[in-house]
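Working notes for the structure below.
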Amino acid sequence: ALCLALLGSVFHSSAVHAAFDISERRIYYYAHERSASVTITNSGDEEREYVINTHGWDDRTKELAPKLIAYPPVFQLQPGDQQKVRLLLRNRSGFEAPLFFRFVIREVVMDEAEQPNGLNIPISMSFPLYYVDKSVKPEARFERVAAPEGHRILVTNTSNTLVEVRSVTSADGQKAKLLKHLLPGRQEIFEFLHWSPPFEFHIRNGDRVSVD
């Protein structure tokens, strides 16, 4: 089995299931491009309203978040309908990649009368939004660390951009698809039980790193 320590929740929501799909659960906004976009689909069976916001990930991006706007910020969709949401910068002052934000969707059911007990329950979900320079190569250091059993690999992001670990395979043919994102300077421990080294990690930029 492959055990991974989680970086944190990818999204948060109430216990009520959100009735929408998003084209990208991790959104990339490249610094050389004028805008980025995602597509929202109403996957429910009734009309819904969606409110879009961007939030800062840390103290620095909390100040910059008002410059990063989503358009349209509010829209309604019938079941099965789609809406493309564009992400635009008011100006690029202070936007030096990499920067990390949250893309937040708040969903509201339009007809309260059809809800149990007449409740109109808003649902909010948050997705990571990465503003990065595509020309900067992701780089990471991979090293073995002591483990009571099995094998443990410590991965450190040594670059000034996002590192995305997409998959890992073992010498005995086992494979796990991953979507682990490391911010600059962050570390992640991958623990392998009953897998045989060497382990080959696949990074988003196409690099493959083998660890004995």
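The values are calculated or read from the model by the stated rules, or taken from the named source; none is laboratory data. Source: prediction; values computed, not measured. Reconstructed Cβ throughout: ideal geometry from the backbone, glycine too, with neighbour counts over all protein chains shown. Quick note on the areas: whole protein, heavy atoms, side chains included, nothing else; ligands and nucleic acids left out. Shrake-Rupley method; radii C 1.70, N 1.55, O 1.52, S 1.80 Å.
Residue-by-condition table, conditions (1) assigned to a strand (DSSP E or B); (2) touching a residue at least 40 places away in the same chain (Cβ under 8 Å); (3) over 16 Å from Tyr131 (Cβ atoms):
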position: His32; (1), (2), (3): no, yes, no
position: Ala36; (1), (2), (3): yes, yes, no
position: Thr39; (1), (2), (3): yes, yes, yes
position: Glu49; (1), (2), (3): yes, yes, yes
position: Leu64; (1), (2), (3): no, no, no
position: Gln76; (1), (2), (3): yes, no, yes
position: Pro79; (1), (2), (3): no, no, yes
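Selection of the stretch 37-48 for residues being open to solvent by 50 Å² or more (accessible area, probe 1.4 Å) and among the acidic types (Asp, Glu) yields Asp45, Glu47. Within the stretch 170-190, the set of residues being open to solvent by 20 Å² or more (accessible area, probe 1.4 Å) and outside any strand (DSSP E or B) comprises Ala171, Asp172, Gly173, Gln174, Leu183, Pro184, Gly185, Arg186. The residues on offer are Val10, Val16, and the sole one that is within 18 Å of the chain's Cα centre (by Cα), at pLDDT below 85, within 26 Å of Leu179 (Cβ to Cβ) and β-branched (Val, Ile, Thr) is Val10.
Of all residues in the stretch 103-125, those satisfying the criterion of being modelled with pLDDT of 65 or more and either surrounded by fewer than 18 Cβ atoms within 10 Å (Cβ to Cβ) or on the phi > 0 side of the Ramachandran plot (or both) are Arg106, Val108, Pro122, Ser124.
Of the residues examined, Ala146 is one that is among the small types (Gly, Ala, Ser), over 29 Å from Leu129 (Cα atoms) and surrounded by fewer than 17 Cβ atoms within 10 Å (Cβ to Cβ).
Taking only the stretch 149-160 into account, find how many residues are in contact with a Lys or Arg (Cβ under 7 Å, 6 or more places away or on another chain), among the small types (Gly, Ala, Ser) and open to solvent by 30 Å² or more (accessible area, probe 1.4 Å). Residues flagged as in contact with a Lys or Arg (Cβ under 7 Å, 6 or more places away or on another chain), among the small types (Gly, Ala, Ser) and open to solvent by 30 Å² or more (accessible area, probe 1.4 Å) within the stretch 149-160 amount to 0.
In this structure, Thr41 does not satisfy being in contact with a helix residue (DSSP H, G or I) (Cβ under 9 Å, 6 or more places away or on another chain), among the β-branched types (Val, Ile, Thr) and on the phi < 0 side of the Ramachandran plot.
From the residues in the stretch 22-36 that are open to solvent by 30 Å² or more (accessible area, probe 1.4 Å) and under 14 Å from the mean Cα position of the chain (by Cα), which one is farthest from Val108 (Cα to Cα)? It comes out as Tyr28. For the stretch 191-212, a tally of residues being of a type outside the set (D, E, K, R), part of a strand (DSSP E or B) and surrounded by 15 or more Cβ atoms within 10 Å (Cβ to Cβ) returns 7. State all residues of the stretch 49-66 that are surrounded by 16 or more Cβ atoms within 10 Å (Cβ to Cβ), more than 18 Å from the chain's Cα centre (by Cα) and more than 16 Å from Val108 (Cβ to Cβ); if no residue qualifies, say none. Leu64 - this is the single residue of the stretch 49-66 that is surrounded by 16 or more Cβ atoms within 10 Å (Cβ to Cβ), more than 18 Å from the chain's Cα centre (by Cα) and more than 16 Å from Val108 (Cβ to Cβ).
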